[in-house]
Amino acid sequence: MKVIVLGAGVLGVTSAWYLAKAGHEVTVIDRQTGPALETSFANAGEISPGYSSPWAAPGIPLKALKWMFQRHAPLVIQPRLDWQRLSWMARMLGNCTSAAYAVNKSRMVRVAEYSRDCLGALRAETGIHYDERTQGTLQVFRKQEQLDGAGKDIEVLKADGVPFEVLDRAGCIAAEPGLAGAADRIVGGLRLPGDETGDCFKFTNRLAEMAAAAGVTFRWGVGIEALEADGGRISAVRTDRGRMVADRYVLALGPHSPLLVRHLGIKLPIYPLKGYSLTIDIRDESRAPVSTVMDETYKVAITRLGDRIRVGGLAEIAGYDLSLNPRRRATLAKSVSEMFVGAGDPDKAQFWTGLRPMTPDGTPIVGATPIPNLFLNTGHGTLGWTMSAGSSRVLADLISGRRPDIQSEDLGYARYLKGRKPAATGVLQPANA
């Protein structure tokens with residue numbers, strides 16, 4: 001079949017790769033001049049199946065209230081009222097129960113574990129390199145109450161058969177020698193030896209090159225103006241370069257995905273969660289991280305990428321604003337400077353921000369829609385890099401009429417339908433898609 005993929009971030013490019021491998025004729029459309037220039041550009045770099053957890057968790061509402069008065073809070077809600085934000089936040093609060101957390105985390109881990117396996121197979125098949133490392137993730141706790149509170153995550157890890165280690169201070173330093181300078185700040189940690197790291201931007205660009213060599217067509221600098229629908233099906237994508245027609249259409253536009261389909265009656269509960277990162281050149285190898293260290297206090301990931309350190313995290317609910325907030329830079333710099341003393345100079349770092357497409361339950365939306373030829377691969381939140389290969393393999397299998405290797409029924413848009421049917425007629429007019 002002819003398939004058009006909308007979006008060339010890591011989800012769009014991996015979707016194109018697996019669809020092409022399945023024998024389809026694939027075209028990718030993106031407004032940017034190349035792959036991974038928005039959300040996928042400078043993310044935290046971690047591929048962490050075991051750390052795949054929803055932001056909606058028991059205790060988060062109370063923590064959010066406390067964070068409002070902290071200078072280095074991991075979550076910031078900018079004062080602005082709009083219906084989309086209020087609706088999304090209400091749904092997220094509804095998922096802050098122990099029962100919902102267990103269900104959501106379990107299916108997130110399922111997708112992420114499968115994705116790691118798919119990525120390993122892709123790496124073995126193609127020889128692709130992207131500053132990858134396979135040395136695990138260490139979640140570091142500065143307070144005993146944080147270590148004690150990890151019990152609920154450990155229970156889910158046990159249930160899903162995910163390997164883990166609970167470490168004391170000495171164990172953390174043995175796993176990550178660069179933490180020696182922060183010994184007095186650490187009480188313990190949770191290590192996930194099966195996790196990986198890598199540069200998402202490098203990966204996406206290299207995979208796009210290989211996809212192009214395999215026959216995928218990339219249309220760069222093409223603005224998506226509208227989805228045209230007729231007779232209950234998508235009939236074309238209208239762009240600023242003309243109409244494009246296919247048999248199937250894949251929406252992989254990250255935080256912009258809801259804008260493109262809302263007038264079809266498809267109400268994607270995705271809200272842009274703003275994140276930040278610093279990229280720091282390593283100055284002292286012996287003080288740098290070996291893999292990824294998660295600073296639980298600030299919800300910051302500190303990752304080794306070749307001769308650089310990527311410091312990523314934080315969450316700011318601020319709509320589609322992409323301005324760089326110096327207070328967020330200060331939080332990232334504080335975390336890396338305290339954890340890896342003297343490893344690099346945060347003052348000389350590259351400062352970046354991007355928007356993550358977050359669902360209220362943390363689970364991505366992958367699969368079919370009530371419009372038979374429209375499919376989704378979006379809503380991965382902070383875990384697009386972690387879940388990209390597996391989500392895209394599932395998507396390609398569904399489009400090809402094959403049963404995916406993992407359970408996928410609870411990943412689709414159907415979980416939000418509640419009896420509603422989209423009106424797939426007319427033309428969609430998205431804003432800035």
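In terms of packing, defined here as the mean over residues of other Cβ atoms within 10 angstrom, the peptides 41-51, 254-264, 382-392, 59-69 line up highest first as 382-392, 41-51, 254-264, 59-69. Between Lys2 and Asp168, full extension at 0.36 nm per residue minus the direct alpha carbon distance yields a gain of 54.3 nm. Phi angles of the range 220-234 translate, via the Karplus equation with coefficients 6.51, -1.76, 1.60 and θ = phi - 60°, into HN-Hα couplings of 8, x, 10, x, 8, 8, 6, 9, 9, 10, 7, x, x, 9, 6 Hz per residue; Gly and Pro are given as x. Take Leu37: with every protein chain present and a 1.4 Å probe, its accessible area is about 60 Å². For the chain, take the longest principal axis of its alpha carbons; what is the angle in degrees between that and the long axis of helix 326-339, to the nearest 10 within 0 to 90? Relative to the chain, helix 326-339 is tipped by roughly 50 degrees. In terms of its C-alpha gyration tensor, the range 95-138 comes out prolate, because a/c is 1.5 or above and the ratio a/b outweighs b/c. Size descriptors for the range 75-121 (Cα atoms only): Rg and Dmax, in that order, 15.6, 45 Å. Normalised per residue, the accessible area of the chain is 39 Å², obtained with a 1.4 Å probe and no contribution from ligands, DNA or RNA. Stretching the chain fully between Arg219 and Asp345 yields a gain of 41.5 nm (0.36 nm per residue, less the alpha carbon separation). Overall shape: prolate for the range 266-388, with the ratio a/c of the largest to smallest alpha carbon gyration tensor axis at 1.5 or above and a/b above b/c. Label the chain by shape, choosing from rounded, prolate and oblate, from the square roots a ≥ b ≥ c of the eigenvalues of the Cα gyration tensor; if a/c is under 1.5 it is rounded, and otherwise prolate applies when a/b is larger than b/c, oblate when it is not. The shape class here is prolate. Modelled label positions at Ser87 and Asp230, each set 7 Å beyond Cα in the direction of Cβ, lie 2.9 nm from each other.
With K and R counted +1 and D and E -1, the other residues having a Cβ less than 14 Å from that of Thr292 yield a net charge of -2. Applying 0.36 nm per residue to the separation of Asp410 and Leu322 and subtracting their alpha-carbon distance, the gain on full extension is 28.5 nm.
Shown in residue order for the range 89-103 are the 3J(HN,Hα) couplings computed by the Karplus curve 6.51 cos²θ - 1.76 cosθ + 1.60 at θ = phi - 60°: 5, 5, 5, 5, 4, x, 9, 8, 10, 4, 5, 5, 4, 4, 5 Hz (x for Gly and Pro). Simple spin-label estimate for Met68 and Ala124 gives 5.2 nm between the two label positions (7 Å along the Cα-to-Cβ direction from each Cα). Ranked by solvent-accessible area (1.4 Å probe, protein heavy atoms only, all chains present), the residues Thr297, Thr97 order from largest to smallest as Thr97, Thr297. Our compactness index for the range 179-266, the C-alpha radius of gyration over the empirical 2.2 N^0.38 Å, is 1.77.
Suppose a student asked you for the relative contact order of the chain, using Cα pairs under 8 Å spaced at least 6 residues apart; what percent would you report? 26 percent. Normalised size of the range 74-172, defined as Cα radius of gyration per 2.2 N^0.38 Å with N residues, equals 1.43. Please find, in a Gaussian network model of the chain (springs between Cα atoms separated by less than 10 Å), the residue of Ile280, Ile399, Ile371 whose mean-square fluctuation is greatest. Between Ile280, Ile399, Ile371, it is Ile371 that shows the largest mean-square fluctuation. Annotation: average projected area of the range 262-306 is 5.5 square nanometres, based on the convex hull of Cα atoms across all directions. How fast does the range 46-125 diffuse by Stokes-Einstein, in µm²/s, taking the Kirkwood radius from C-alpha pairs at 25 °C and 0.890 mPa s? For these conditions, the coefficient is 165 µm²/s.
Expressed as a fraction of 2.2 N^0.38 Å, the value expected for a compact globular protein of N residues, the C-alpha radius of gyration of the range 1-149 is 1.31. Shown for the range 207-304: the carbon plus sulfur share of the solvent-accessible area, taken with all protein chains present and a 1.4 angstrom probe, equals 43%.
Only protein heavy atoms count here; on that basis, with a 1.4 Å probe, Trp88 has an accessible area of about 10 Å². When the surface is traced with a 1.4 Å probe over the full set of protein chains, Met358 keeps roughly 10 Å² accessible.
The phi torsions of the range 309-314, fed into the Karplus equation with coefficients 6.51, -1.76 and 1.60 and a -60° offset, translate into couplings of 10, 9, 10, x, x, 6 Hz, rounded to whole numbers, with Gly and Pro shown as x. Charged neighbours of Arg71, selected by a Cβ distance under 12 Å, balance to +3 (K, R count +1; D, E count -1). Here the Gaussian network model covers the chain, with springs between Cα atoms less than 10 Å apart; of Asp281, Asp397, Asp148, Asp148 fluctuates the most.
Of the solvent-accessible surface of the range 76-166, computed with a 1.4 Å probe over protein heavy atoms with every protein chain present, carbon and sulfur atoms account for 56 percent.
The values are calculated or read from the model by the stated rules, or taken from the named source; none is laboratory data. Model, not experiment: these values are computed from the prediction. Methodologically, a virtual Cβ is constructed for each residue, glycine included, from the backbone with ideal geometry; neighbour enumeration extends over all protein chains shown. Side chains are part of the model used for accessible areas, which takes the heavy atoms of the whole protein and leaves out ligands, DNA and RNA. Shrake-Rupley method; radii C 1.70, N 1.55, O 1.52, S 1.80 Å.
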